[in-house]
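Visitor: I am attaching a structure below and will ask some questions about it afterwards.
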Amino acid sequence: MTEQRVQRRLAAILAADVVGYSVLMQRAGEATYAKFERLNGQLIEPSLPRHDGRPIKTTGDGALAEFASPLAAVRCASIVG
């Protein structure tokens, strides 16, 4: 039997969600969606690679991203938040 080597690495996972998104969508759906898409394209997505992050999954107003370190995740979150 061949021995498989397990590769390990440390990673920080950032979970983000827009507070009150459902209520905002009920009040002004199209405007809320447009504003979120603009924010996502201009701020959130460009911030990930600048902080050595990569997107894992997005779900409407939520997202998961992986970073090489907790410090990188916090720096990215502080700019976006």
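Visitor: Using only the alpha-carbon atoms, how far is helix 21-39 inclined from the longest principal axis of the chain? Give it as 0 to 90 degrees, nearest 10.
Guide: Taking Cα atoms only, the helix is inclined about 60 degrees.
Visitor: Would you mind putting 22-35, 67-80, 50-63 in packing order, based on average other-beta-carbon counts within 10 Å, highest first?
Guide: 67-80, 50-63, 22-35
Visitor: Considering amide H positions built from the backbone, and no H for Pro or chain starts, which residues 5 or more places from Ala11, or on another chain, come under 5 Å of its amide H?
Guide: Amide H to amide H, under 5 Å and 5 or more residues apart or across chains, Ala11 pairs with nothing.
Visitor: What do you get for the angle between helix 70-80 and the principal long axis of the chain? Use alpha-carbon atoms, 0 to 90 degrees, nearest ten.
Guide: Compared with the principal axis, the helix lies near 10 degrees.
Visitor: Please give the length that would be gained between Val23 and Arg9 if that part of the chain were fully extended, namely 0.36 nm times their separation in residues minus their C-alpha to C-alpha distance (nm, one decimal).
Guide: 1.1 nm
Visitor: Right, another one. Pulled fully out, how much extra length does the chain show between Leu64 and Tyr33, if you take 0.36 nm times their separation in residues and subtract their Cα-Cα distance?
Guide: Contour length minus Cα-Cα distance gives 9.3 nm.
Visitor: Name the residue farthest towards the positive end of the dipole of the chain from the options Ser78, Val6, Leu39, assuming +1 on Cβ of Lys and Arg, -1 on Cβ of Asp and Glu, about the Cα centre.
Guide: Val6
Visitor: Let me know the charge dipole size of the chain about its Cα centre in debye, to the nearest 20, where only the beta-carbon of Lys, Arg (+1) and Asp, Glu (-1) is charged.
Guide: 200
Visitor: Here's a follow-up. For the chain, what is the calculated [θ] at 222 nm in deg cm²/dmol (nearest 500), taking -39500 (n - 2.57) for each run of four or more DSSP H residues and dividing by its residue count?
Guide: About -14000 deg cm²/dmol.
None of the figures in this text is laboratory data; all of them are computed from the coordinates on show. In this text, all values refer to a predicted model and were calculated from it rather than measured experimentally. Ideal geometry is used to build each Cβ from the backbone, glycine not excepted, and the neighbour counts take in all protein chains shown.
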